[in-house]
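The values are calculated or read from the model by the stated rules, or taken from the named source; none is laboratory data. None of the values given here were measured: they were computed from a predicted structure. Here Cβ is always computed from backbone atoms with ideal geometry, including for glycine, and neighbour counts include all displayed protein chains. Remember, those area values only see protein heavy atoms, side chains included, never the ligands or the DNA or RNA. Shrake-Rupley method; radii C 1.70, N 1.55, O 1.52, S 1.80 Å.
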Amino acid sequence: MKRALHACIFFSLLVLIWHLLVRAGVWSPVLLPSPASVARYLYEAASDGTLGQAAIVTIRRLLVGYAIGIVLGLPLGLLTARFKFSEDTVGVLALGLQTLPSVCWVPLALLWLGQTEVALFFVVIMGTLWSVIIATDNGVRHVPPIYVRAASTMGSKHLHTWLKVILPASLPFIVSGMKQGWAFAWRSLMAAEIYVTILSGFGLGHLLHYGRELNAMDQVIGIMLVIVAIGLVTDKMLFAPWERLLHRRWGTGLAQ
């Protein structure tokens, strides 16, 4: 409750400063609309269903691409941690491609897949995959060897040890990588929706792009606020409780 109160006070002060800057005429209203005009746009977009429909389309694309990235990244990360050949090939590739900005995948997706939903999914997968591989690899390598030795003395071998000992013990690292992958997936999808125009559904990135084209700064700022809000809600409701649970379970000292 105290953290929520502090956050409310802080954001209220930001809105007040924003309002005072607009009233003082520091920037033109065309460049910096008032909080009231942004709130008016969000209300109208929510009332006619535009905002809700765009958010649903974007979140659906994000979840599908993110899930595929995790399904591909977890086994590849385990292979990278297990075999030297995989470490020297897939591991090095993941380290290199993780530094590649997400927007760089968009031209490649357009040339390979065209203006399609698959192109959007491809960009999201590329934004997720490498973080999950690296986090899984690091998590496995940080598992205390005594866990494996203790399991082997009790009869655990091969696949059973990986599934019942190593993988659960590395979950705190994996969840951190999944959280980072989620952030990269968000950025990737927004970049893709801004550049890829398809008729199968207009997402939040498309609304952001159209606001720029129309010089509608209230729409641009409003959509940015919606994107930030979705990110905060996702972190607080999904990743933060999971991280606290895992850190308490494995005694890593990060529980609050």
Let me know the charge dipole size of the chain about its Cα centre in debye, to the nearest 20, where only the beta-carbon of Lys, Arg (+1) and Asp, Glu (-1) is charged.
-> 1060
Looking only at chymotrypsin sites (Phe, Trp or Tyr not before Pro) in DSSP loops with at most 15 other Cβ atoms within 10 Å, what is the longest site-free stretch of the chain?
-> 84-256
Round to a whole angstrom and tell me the spacing of the C-alpha centers of region 118-150 and region 206-249.
-> 24
With 0.36 nm assigned to each residue of separation and the Cα-Cα distance removed, ALA150 to LEU214 gains 16.6 nm
0 to 90° range, to nearest 10: angle between helix 204-213 axis and the chain longest Cα axis = 40
Here are some values of Rg and Dmax of the Cα atoms in Å: [x] 18.8, 61; [y] 22.9, 71; [z] 22.0, 74. Which one was computed from this structure?
-> [z]
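Could you rank HIS142, HIS158 by how accessible they are, 1.4 Å probe, largest area first? Walk me through the numbers on the way to the answer.
On the way: HIS142 115, HIS158 150 Å².
Sorted by accessible area, descending: HIS158, HIS142.
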In this structure, the FRET efficiency calculated for ALA24 and LEU232 from their beta-carbon separation, with R0 = 41 Å, to the nearest 0.05, is 0.90
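Remind me, relative contact order of the chain in percent, using alpha carbon pairs under 8 angstrom and six or more residues apart? It would help to have the intermediate numbers written out before the result.
Values: 283 pairs, mean separation 59.2, N = 256.
Worked out over the chain, it gives 23 percent.
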Measure nothing fancy, just the Cα-based angle from helix 35-47's long axis to the longest principal axis of the chain, in degrees from 0 to 90, nearest 10.
-> 70
Derived scalar couplings ³J(HN,Hα) [region 216-229; Karplus, 6.51 cos²θ - 1.76 cosθ + 1.60; whole Hz; x for Gly, Pro] = 9, 5, 5, 5, 4, 5, x, 5, 4, 5, 5, 4, 4, 4
At 1.4 Å probe size, with no ligands or nucleic acids counted, give the accessible surface of ILE146 in Å², nearest ten.
-> 100
Cα axis of helix 50-82 to longest principal axis of the chain: angle in degrees, 0 to 90, nearest 10?
-> 20
Given Cα pairs under 8 Å that are at least 6 residues apart, what percent is the relative contact order of region 25-169?
-> 26
